[in-house]
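Here's the structure we're looking at; comments come further down.
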Amino acid sequence: MHFLPQSIDQYAEEHSQAEPQLLAALNRETHQKVLQPRMLSGHFQGRVLSMLSKLIRPQHILEIGTYTGYSALCLMEGIQENGSLHTIDKNEELYDLQRKYFDKSGWGTQMHQHVGKALEIIPQLEEKFDLVFIDADKRNYLNYFEIILPKMNKGGIILSDNVLWSGKVVEELKAGDKDTEVLLAYNKKLATEDRVETVLLPIRDGLTVTRVL
Ligand SMILES: C[S@@+](CC[C@H](N)C(=O)[O-])C[C@H]1O[C@@H](n2cnc3c(N)ncnc32)[C@H](O)[C@@H]1O
């Protein structure tokens with residue numbers, strides 16, 4: 001979902017850093033071979049993730065929802081030397097494609113893939129994280145927040161994608177729409193929770209930046 005006129009979206013993309021070649025190739029291969037390629041962050045949001053990561057300079061990154069690995073590679077652009085990224089996806093069919101591009105990037109040994117349900121895998125991770133990107137099943141966003149918070153360093157940043165949910169968060173809630181219901185509660189929690197401070201950026205489908213106090 002894009003909230004801005006297409007011409008403005010296009011202008012913003014054209015006046016941001018060009019998409020690196022490796023990411024353009026992954027973008028193409030995802031569109032050719034993988035179902036639901038719209039899930040991939042894409043050029044503009046990818047540059048936003050890359051820039052945020054470069055500003056944060058994280059040592060340890062956690063990503064929930066790898067898909068084909070596009071956003072993981074964007075986040076790696078800001079990683080400290082010898083830092084690591086753990087990325088989780090329940091879809092094992094995506095593993096080989098992720099690995100192919102992680103290895104081509106030169107960061108392959110620092111990027112750790114986990115296959116399974118994020119809520120089961122996160123408790124097994126020992127790192128304290130400086131940057132977390134939440135981009136998986138919306139109905140677990142509140143659960144992810146609670147399970148991640150004790151594993152964050154002070155000053156660490158949690159990025160949450162799709163928080164505007166194609167605008168459904170400002171429409172009348174439809175009966176049975178559990179995803180929107182959880183996102184409404186999640187957005188409210190992040191805005192009012194005193195353990196963090198938050199700004200919701202209306203970028204693409206909504207990207208929240210949350211800083212751990
Ligand atoms: C929107 S895509 C991620 C896109 C990716 N971050 C990017 O920007 O290129 C969401 C992914 O979350 C995964 N997923 C959904 N529910 C999950 C869960 N409970 N645990 C782990 N992964 C999950 C899906 O398999 C899917 O690949």
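The values are calculated or read from the model by the stated rules, or taken from the named source; none is laboratory data. Worth saying up front: this structure is predicted, and the values here are computed from it rather than measured. Using ideal geometry, Cβ is built from the backbone for each residue, glycine included, and neighbour counts are taken over all protein chains shown. SASA here: full protein model, heavy atoms, side chains in, ligands and nucleic acids out. Shrake-Rupley method; radii C 1.70, N 1.55, O 1.52, S 1.80 Å.
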With all protein chains present, the stretch 6-212 has a carbon and sulfur share of its accessible area (1.4 Å probe) in percent of 51 percent
Can you pull the semi-axes for the stretch 91-203, root of five times each eigenvalue of the Cα gyration tensor, sorted largest first, whole Å? 27, 18, 14
With respect to the cross-link table entries LYS128/LYS168; LYS117/LYS189; LYS100/LYS188, which display a Cα-Cα separation exceeding 30 Å? LYS128/LYS168; LYS100/LYS188
Segments 64-76, 15-27 sorted - mean Cβ within 10 Å per residue, highest first: 64-76, 15-27
Which GluC sites (Glu not before Pro) does the stretch 102-208 hold that lie in a coil by DSSP with at most 11 other beta carbons within 10 Å? GLU126, GLU171, GLU172
What residues qualify as long-range amide H neighbours of VAL132, i.e. H under 5 Å apart, gap of 5 or more or another chain, H built at 1.01 Å from N? LEU62, ILE157, ILE158, LEU159
Sites VAL34 and ASP194 - FRET efficiency at Förster radius 35 Å, r taken between beta-carbons, to 0.05: 0.30
Inter-part gap, Cα centre of the stretch 129-175 to Cα centre of the stretch 1-80, in whole angstrom, is 18 Å
Heavy-atom surface of the chain, accessible at 1.4 Å and reported per residue (Å²): 52 Å²
Of the beta bridges DSSP finds with both residues in the chain, what % are antiparallel, to the nearest 5? 35 percent
How high is the relative contact order of the chain, given as a whole-number percent (alpha carbon pairs under 8 Å, six or more residues apart)? 18 percent
Rh_Kirkwood(the chain) over Cα pairs, Å, one decimal, evaluates to 17.5 Å
At GLU93 and ASN143, where each label point lies 7 Å from the Cα along Cα→Cβ, what is the point-to-point distance in nanometres? 2.3 nm
